[in-house]
Amino acid sequence: MSVKPSILAAAITGATSLLASATAHAQAYPSKPVRLVVGFTAGGASDIMGRAIAARLSEQMGQSVIVENRPGAASNIGADHVAKSAPDGYTILLGTISLSINPSLYKNLTYNARTDLLPISQIASTPFMLVVHPSSPIKSVSELIAAAKAAKEPLQYATAGSGSGSHLFMEYFSSLAGIKMQAIPYKGTSPAMTDVIGGRVPLTFDNVITTGPLSKSGKLRGLAVSTTTRASVAPTIPTMVEAGIAGFDAQAWFGLFAPAGTPGAIVGRLEAETIKALRDPKVQEAFRTNGAEPLGTTAAQFGAFFTNEIDKWGKVVQSADVKIN
């Protein structure tokens, strides 16, 4: 069956017009301020990094990128808001490791992290540090494992709450080390750290942003960091792999997401601008000052990483039988 030249020409013209329209739309973007939603309160690590990247993106794109804090429910409130926003590039999310943990932790989420959000770029990562009180006789990971195996009752450790990073990182460690310990949940990092510093709970496993300075000052003793490379802010502390826990690789991470359905050209623009912003020395300094390593991955790289993170932490949550009431 042949196609009439007039019909073929019309189809080509229509397709060309659509492509031109999409290209023009992407070139015009952004034509108004962009909101960067952070699912945590102002002043925390996510907020600090969000404001640093937003300031640079504003300069590069010629439009304001405004940080909007929408805290609550382990960042689910902010994520849900972005997932249900118009897919036009004017509402984006600064997501964290919580976004990969929450799908397996909460049974009734009102958004789907896999399908309702599009990864743009992973902007940074930070290791967690396993720490004990300085008076503790435990001076290494191997000594901790030995102590846990010899103890009549499970060793206790402080967490920032059930299902928090400090909880799941320790469960991940325990499963690889073949030991069992007892989580003591607190309402946040600050009270948990206060009791570890005070010697009321012997150890914790938390972000190097918090634990690094305390280890450096001697208020806590660092045993290992969670990533496969040493932390720049704590170069004397070995990695878990160096400490004998083969295969241990975990990080707290931060990345940008757009609502599903956002045009590819706009996601591509945001990806390119983000990667460019993360090469800026001021942005890198702001991140590293807070213990974070600036990255700037492609959307494809971040998407593959994010999918793997959801799967990995889902297995940890299931294995540890973590439940949120």
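The values are calculated or read from the model by the stated rules, or taken from the named source; none is laboratory data. Bear in mind the structure is a predicted one, so any value in this text is a computation, not a measurement. A quick note on method: Cβ atoms are made from the backbone with ideal geometry, for glycine too, and the neighbour counts reach across all protein chains shown.
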Could you say which residue among Gly255, Gly244, Gly264, Gly296 is surrounded by fewer than 16 Cβ atoms within 10 Å (Cβ to Cβ) and in the same structural domain as Leu93 (by TED's automatic domain parsing)? Gly264
Restricting attention to segment 103-152, which residues are free of Cβ contacts under 8 Å to residues at least 24 places away in the same chain and over 25 Å from Ser217 (Cβ atoms)? Lys107, Asn108, Ala146, Ala150, Ala151, Lys152
Val267 is checked against (1) assigned to a helix (DSSP H, G or I); (2) more than 23 Å from the chain's Cα centre (by Cα) and fails just one. What number does that condition carry? (2)
Being under 18 Å from Phe287 (Cα atoms), charged (D, E, K, R) and within 20 Å of the chain's Cα centre (by Cα): is that true of Arg51 here? yes
One residue is enough: does segment 273-292 have a residue meeting the conditions farther than 30 Å from Ala55 by Cβ and of a type outside the set (S, T, N, Q)? no
Filter segment 284-321 down to the residues that are β-branched (Val, Ile, Thr) and out of contact with any strand residue (DSSP E or B) (no Cβ under 8 Å at 6 or more places or on another chain) and list them by number. Thr289, Thr307, Ile310, Val316, Val317
When restricted to Val141, Val67, the only residue surrounded by fewer than 24 Cβ atoms within 10 Å (Cβ to Cβ) and either of a type in the set (Phe, Trp, Tyr) or under 18 Å from Asp47 (Cβ atoms) (or both) is Val67
Residues of segment 31-61 being of a type in the set (Gly, Ala, Ser) and assigned to a helix (DSSP H, G or I), in sequence order, are Ala45, Ser46, Gly50, Ala52, Ala54, Ala55, Ser58
Does segment 126-148 contain any residue that is within 30 Å of Pro87 (Cα to Cα), modelled with pLDDT under 95 and of a type outside the set (A, V, I, L, M, F, W, C)? yes
Scan segment 285-306 and tell me whether some residue there is at pLDDT 95 or above and acidic (Asp, Glu). no
Residues that are crowded, with 17+ Cβ neighbours inside 10 Å and among the aromatic types (Phe, Trp, Tyr): does segment 91-109 have at least one? no
Only one of these conditions is not met by Leu220: (1) farther than 30 Å from Val82 by Cβ; (2) at pLDDT below 95; (3) not small (Gly, Ala, Ser). Which number is it? (2)
Looking at (1) in a strand (DSSP E or B); (2) touching a Ser or Thr at 6+ places or on another chain (Cβ under 7 Å), which is the only condition Ser175 fails? (1)
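Yes or no, residue by residue, for (1) among the aromatic types (Phe, Trp, Tyr); (2) in a helix (DSSP H, G or I); (3) at pLDDT 95 or above:
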site	(1), (2), (3)
Ser166	no, yes, no
Ile184	no, no, yes
Val201	no, no, yes
Lys216	no, yes, no
Glu242	no, no, yes
Phe248	yes, no, yes
Trp253	yes, no, yes
Condition broken by Ser162, with the remaining ones in (1) surrounded by fewer than 22 Cβ atoms within 10 Å (Cβ to Cβ); (2) without any contact (Cβ under 8 Å) to a residue 24 or more places away in the chain satisfied: (2)
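Conditions (1) modelled with pLDDT of 95 or more; (2) touching a helix residue (DSSP H, G or I) at 6+ places or on another chain (Cβ under 9 Å); (3) among the aromatic types (Phe, Trp, Tyr), marked per residue:
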{"residue": "Pro30", "(1), (2), (3)": "yes, yes, no"}
{"residue": "Val67", "(1), (2), (3)": "yes, yes, no"}
{"residue": "Ala73", "(1), (2), (3)": "no, yes, no"}
{"residue": "Ala79", "(1), (2), (3)": "yes, yes, no"}
{"residue": "Asp88", "(1), (2), (3)": "yes, yes, no"}
{"residue": "Ile92", "(1), (2), (3)": "yes, yes, no"}
{"residue": "Leu105", "(1), (2), (3)": "no, yes, no"}
{"residue": "Tyr111", "(1), (2), (3)": "yes, yes, yes"}
